[in-house]
Amino acid sequence: MRKNTPQGKKGDWAVRNRKQLRSVFVQLNNSICNMLSLQWQLMEIIQLWHLSLQSYSLIDFLIFSGVFILFSSFVLHTSVQIANFLRHEKLKSTLFRCFRTMPFVAFFISKEKQKMLSQLRKDISSSRSCILKKNEELPKTGWPVARVLKEATALKEKDTVISVATNKMSGTVYIADSDHFEMCNIVYSQFAHANPLHSEAFPSVCRMEAEIVSMTAKLLGGGSPDKKNVCGAITSGGTESILTAIRVTRDYMQKRKKISFPEMIIAISAHAAVYKAAEYFKIQLIRVGVDKEGRMRVDEVKKKINKNTILIYTSAPSYPHGAIDPIAALSEIALAYDCCLHVDACLGGFVLPFLKAEISTIIFDFELAGVTSMSVDTHKYGCAQKGSSVVLYSSRELRKFQYTSVMDWTGGLYISPSQPGSRSGGLISQTWAALVHMGIDGYTTVAKEIYAAAVMLRTEINSIPGLQVIGEDINMIVAWKSNMNKINIYIVNDILQSKGWQLSVLQAPPALHLCITAANVSCVPRLVADLRLSVYEVLSLPEGIKGGKAPIYGMAGSVPDRGVVGDLLKDIQDILLSTY
Ligand SMILES: Cc1ncc(COP(=O)(O)O)c(C=O)c1O
């Protein structure tokens, strides 16, 4: 008999997957048996036909059919056995992909998917519905200003209202001070028309951009005299900074080392933006695991690095568990193999430098010789409004690969630093305003407040029987999982959601996290109280609450053929982009 192991451990994961696989195979078995009996009847007809032709004897057909049935049963039985002991992800997903091509499996999946999507369409439609008429095409006559303002205000009605005193949302909103918020909006409106593409007309925003990059670079190891070449540019957000740094690295390595089949080593915890970059820029992703603290495994990187590696991608910290990868060790590897190293500091860039006293041993920036690029989000802990981030490079030579110059265009000589052409001067100016308004003191105060709340939240969660914090790095992300079979963390989330919490839902292992910001830090004690209650409720209501999303999260996380989940996500995106 297999012993029950705590949830989240490899043994338990395997048991759950095996159970699921077994039930799928049992269903499959039944369907194939039905098919076989149908086939048996068909054979009888064919056999009669053949008899009439006198080509084969009845005995021939009986033997053939018997062998066929035995063989099919053997294949099925073996598949079930393999599935029972399966631990190989690729093999599992390949098997499921094969099954997905079977007509009856495809039919079943499509039917279930349509059911789910039609429910989603209904939910989205009701979440967007209001008394206003939908605008699916341009109005013939433009609306007066008063009407535009009235309708825009009405549309906002269903949005989550963020108030610092009651904010129960993970991350998302980073500004707590209403004066700061308004200041950014005012400065934005003063420069909303400005465009750094026209540098002669708008020197103001060009100067602000250069200053933002310089302030950010100095914060992240670009301050010392031997690092004076650290430079960068502004982008629209973390994803664009990451995409830009990866594209630049690919082109730089192509030119310098003639790498034509580029590979990039990432941890399984790296942000989803790297998958986008790999897809857009045709780079092979090499995924490595994380250790029990959620940090990238150096030994696996050493094994996977090769002559096609252009980049080791690290996080400080990672989105799922707030783990800070061992960047110093990885920087040494990057230097030894002469490849680039990116640090995704989208979350940590404006927090970690202000926690030197608390986490003094962690060096994660351009102080390390192997770090060649960084992404740092000013629209997160930089406290600017949405639409701004900074991408940094260790040298001007690298940054040049970001630029596009067009010399022979009939539209004139053209130079642009990044993917967009025109950019919003408003976004640049409000970012500049946020940085100079916060200053070192302002950022230090916020970082220390977040750190203290994270310490408290981690201690409290670990004291709740059945819950366990993931990782040991202390920063803005606190992630936790269940370590008791009876506690389904997704049901805990459903209950927390019914109490107004909007936490981040993680998978592999199933877990939740709170990203602590200045705008939700005061609600952390309330989360502890609600978590205790939710765990208590799960123990008394193990099947979950009505209308909860736990079954969907559970299913989405455990379907071995990720293609099914990927297709479903694309269908959901279609719905979100429609005028429901
Ligand atoms: C570590 C990390 N990197 C990158 C991103 C992507 O940032 P954005 O959503 O601004 O594109 C995020 C967003 O949460 C993040 O947490």
Check: Measuring from a point 7 Å past the Cα of Asp179 along Cα-to-C-beta, which residues in segment 427-450 have an amide N at less than 18 Å?
Finding: 433-446
Item checked: Furthest towards positive pole of dipole, Pro353, Ala233, Thr249, structure part the chain, Cβ charges -> Thr249
Item checked: Charged-residue dipole, Cβ positions (Lys, Arg, Asp, Glu), segment 320-477 about Cα centre, Debye nearest 20 -> 520
Checklist line | Per-residue HN-Hα couplings for segment 443-448 [Karplus 6.51, -1.76, 1.60; θ = phi - 60°; Hz; x = Gly/Pro] | finding: 5, 5, 4, 5, 4, 5
Item checked: Rh (Kirkwood; distinct C-alpha pairs) - the chain, Å -> 27.3
Notebook entry, point to check: What is the distance, in nm, between label points placed 7 Å from the Cα along the Cα-to-Cβ direction at Glu358 and at Tyr536?
Noted result: 3.0
Notebook entry, point to check: What is the spin-label model distance, in nm, from Thr101 to Thr459 if the labels are put 7 Å beyond Cα along the C-beta direction?
Noted result: 5.8
Note to self: On C-alpha positions alone, give me the angle between the axis of helix 145-155 and the longest principal axis of the chain, in degrees, nearest 10.
What the structure shows: 50
Notebook entry, point to check: Over the chain, what percent of the accessible surface lies on carbon and sulfur atoms, probe 1.4 Å?
Noted result: 61
Margin query: Given R₀ = 35 Å, what would the calculated FRET efficiency be for Gln284 paired with Ser578, taking r from the Cβ atoms and rounding to 0.05?
Written below: 0.55
Check: Considering only DSSP beta bridges with both partners in the chain, what is the antiparallel share in %, to the nearest 5?
Finding: 55
Notebook entry, point to check: What area, in nm² and to one decimal, does the C-alpha convex hull of segment 160-310 cast on average over all directions?
Noted result: 13.8
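Quick check on the chain: helices-only [θ] at 222 nm, where DSSP H runs of length 4 and up contribute -39,500 (n - 2.57) each and the sum goes over total residues. Nearest 500, please.
So the calculated ellipticity at 222 nm is -17000 deg cm²/dmol.
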Note to self: Just want the answer: with Cβ charges of +1 for Lys and Arg and -1 for Asp and Glu, which residue in Ser375, Tyr275, Gly294 is farthest toward the dipole's positive end in segment 224-402?
What the structure shows: Tyr275
Next item on the list: Pull out a ≥ b ≥ c, the square roots of the eigenvalues of the alpha-carbon gyration tensor of segment 224-402, then state rounded if a/c is under 1.5, prolate if not and a/b is larger than b/c, and oblate in the remaining case.
Entry: rounded
Note to self: Using a probe radius of 1.4 Å on heavy atoms only, what accessible surface per residue do you get for the chain? Whole Å² is fine.
What the structure shows: 53
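Relative to the Cα centre, what is the charge dipole magnitude of the chain, using +1 at the beta carbon of each Lys and Arg, -1 at the beta carbon of each Asp and Glu, and rounding to the nearest 20 debye?
About 1140 debye.
The values are calculated or read from the model by the stated rules, or taken from the named source; none is laboratory data. Just so we're clear, the structure is a prediction, and the values are computed from it rather than from any experiment. Cβ coordinates were reconstructed from backbone atoms using ideal geometry, including for glycine residues, and neighbour counts include every protein chain displayed. The area values use the complete protein model at the heavy-atom level, side chains included, leaving out ligands, DNA and RNA. Shrake-Rupley method; radii C 1.70, N 1.55, O 1.52, S 1.80 Å.
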